[in-house]
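The structure under discussion appears below in the form of structure tokens.
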């Protein structure tokens with residue numbers, strides 16, 4: 001019988017390289033729709049930007065879904081785990097809540113992959129989820145490649 005993947009299994013092979021781009025996904029506990037409230041999503045947006053302000057990351061794109069977050073960024077200092085932990089911790093301290101499921105999923109963007117295509121995938125999440133008919137109707141995303 002196969003063991004379910006735990007967070008230790010997910011971390012195997014994880015590499016944190018400065019000046020590399022990563023697509024990170026992290027979720028809320030039991031996939032609760034915590035970020036369907038404007039105040040919660042707005043605060044998380046501020047936390048992602050705070051990571052940039054501290055010099056840890058350079059955010060390229062993000063989309064805050066009701067129960068998870070997609071974040072595309074260049075890692076500047078520290079590790080992926082530290083970058084995600086800072087955002088989650090800052091949010092939890094500021095909101096006085098702990099909405100997070102442990103861990104996160106990461107994907108290093110390889111040189112042959114197009115950052116713009118990954119950003120388009122991230123921004124289109126609300127469309128694929130059926131939350132809106134047009135991305136213009138969804139407020140909880142941003143991209144350096146606004147078209």
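Things to note:
- With 0.36 nm allotted per residue and the present C-alpha distance subtracted, the residue 144-residue 82 stretch has 20.0 nm of extension available.
- Here the simple spin-label model places points 7 Å from the Cα toward Cβ, and for residue 58 and residue 131 these points are separated by 2.7 nm.
- The chain: C-alpha gyration tensor shape, a/c 1.5 cut-off, then a/b vs b/c: rounded
- Segment 14-98 - percent relative contact order, Cα under 8 Å, separation 6 or more: 38
- Residues residue 50 and residue 96, FRET efficiency given R0 of 22 Å [Cβ-Cβ distance, rounded to 0.05]: 0.85
- Take every Cα pair under 8 Å whose residues are at least 6 apart in sequence, average their separation, divide by the length of the chain, and the relative contact order is 31 percent.
- Among 58, 125, 117, residue whose mean-square fluctuation peaks in a GNM of the chain (springs only between Cα atoms under 10 Å): 117
- When the chain is treated as a GNM with alpha-carbon contacts under 10 Å, the residue of 93, 31, 49 showing the greatest mean-square fluctuation is 93.
Values quoted throughout were computed directly from the atomic coordinates according to the rules given, and no laboratory measurement underlies them. Predicted model only: the values in this text are computed from it and were never measured. Cβ atoms come from the backbone with ideal geometry, glycine included; neighbour counts cover every protein chain shown.
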